[in-house]
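Please treat every number below as a calculation from the coordinates, not as lab data. Owing to the predicted nature of the structure, the values given are computational and were not obtained by experimental measurement. Virtual Cβ from ideal backbone geometry, glycine too; neighbours counted across all protein chains shown.
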Amino acid sequence: AYKAASDTTMTELPQTHPIHLGLALNFSVFYYEILNSPDRACRLSKAAFDDAVAELDTLSEESYKDSTLIMQFLRDNLTLWTSDMQGDGEEQNKE
């Protein structure tokens with residue numbers, strides 16, 4: 001269901017649309033928390049964030065607050081997850 005929704009938003013909505021960004025946020029959390037796939041979660045979050053940043057000039061006034069808030073969540077998760085992955089790698093190197 002997430003994949004179908006993601007495919008639809010990729011073709012039907014701008015990269016900065018809150019629904020598109022929210023789906024990317026939820027999908028990345030699903031990858032990280034449920035599927036235990038931090039690499040995929042990070043790739044998805046980074047791609048959604050970078051694509052939205054590249055199109056910030058197309059952001060409408062009515063969705064500005066929602067879109068930028070979700071972008072902040074994507075960036076926060078990406079920062080947290082990459083630091084967790086680096087910490088896990090350091091712990092494995094110590095063992």
Next on the checklist: Less than 11 Å Cβ to Cβ from Asn77, Lys/Arg counted +1 and Asp/Glu -1: what total charge do the surrounding residues give?
Outcome noted: -1
Checklist entry - Taking the Cα-to-Cβ direction at Thr79 and at Thr8 and moving 7 Å from each Cα, how far apart do the two end points lie in nm? => result 3.3
Checklist outcome for this item: Gyration tensor (Cα only) of the chain to equivalent ellipsoid, semi-axes in Å sorted down, yields 27, 15, 9
Checklist outcome for this item: Measuring from its Cα centre, the chain shows a charge dipole (+1 at each Lys and Arg Cβ, -1 at each Asp and Glu Cβ) which, in debye to the nearest 20, is 140
Next on the checklist: What does the net charge come to around Pro38 if you take all other residues with beta carbon closer than 9 Å to its beta carbon, with K and R at +1 and D and E at -1?
Outcome noted: -2
Checklist entry - With θ set to phi - 60° and the Karplus curve 6.51 cos²θ - 1.76 cosθ + 1.60, what are the ³J(HN,Hα) couplings of the stretch 46-62 in order, to the nearest whole Hz, using x for Gly and Pro? => result 5, 5, 5, 5, 4, 5, 5, 4, 5, 10, 4, 5, 9, 5, 7, 4, 5
